[in-house]
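Here, each number is a calculation from the coordinates, and none is a lab measurement. For clarity, every value in this text was computed on a predicted model and none was experimentally measured. With ideal geometry, Cβ positions are generated from the backbone for all residues, glycine too; neighbour counts draw on all protein chains shown.
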Amino acid sequence: MARLDLGVEFVITKNLMIDAAVSFAYGLTDIIAPDYQIKNTSGNYDPVHNAYVGFNVGVNYVLPLN
């Protein structure tokens, strides 16, 4: 699987941050076992791959431990 994450982090105060990101992923190999592969109307098998898009939001707080 190949994955790409793009995100940004906003500093609200010295200890508080908010981040947002988008993730994209694509499976590089066929996910169908050879026994279950079905040919199309032309007699060829078209491989099947996993793919997803996700959105992440987070809040981070740094504890002042000095």
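Choose one of Val59, Asn40, Phe24: the residue whose Cα lies farthest towards the positive end of the charge dipole of the chain (beta-carbon charges +1 Lys, Arg; -1 Asp, Glu; about the Cα centre).
Checked the options; the winner is Val59.
GNM, the chain, Cα, under 10 Å: largest mean-square fluctuation among Val11, Val53, Val22?
Fluctuation is largest for Val11.
Apply the Karplus parameterisation 6.51 cos²θ - 1.76 cosθ + 1.60, with θ equal to phi minus 60°, to every residue of segment 2-8 and state each ³J(HN,Hα) to the nearest whole Hz, in sequence, with x for glycine and proline.
9, 9, 10, 10, 10, x, 9
If the only charges are +1 at each Lys and Arg Cβ and -1 at each Asp and Glu Cβ, what is the size of the charge dipole of segment 3-48 around the Cα centre, to the nearest 20 debye?
80
Starting with the highest mean, order 2-9, 40-47 by the number of other Cβ atoms within 10 Å, averaged over the residues of each peptide.
For the peptides 2-9, 40-47, the packing ranking is 2-9, 40-47.
Just one of (i) 28; (ii) 38; (iii) 59 is percent of Cα pairs over 19 Å apart as worked out from the coordinates here. Which one is it?
Only one option fits the structure, namely (iii).
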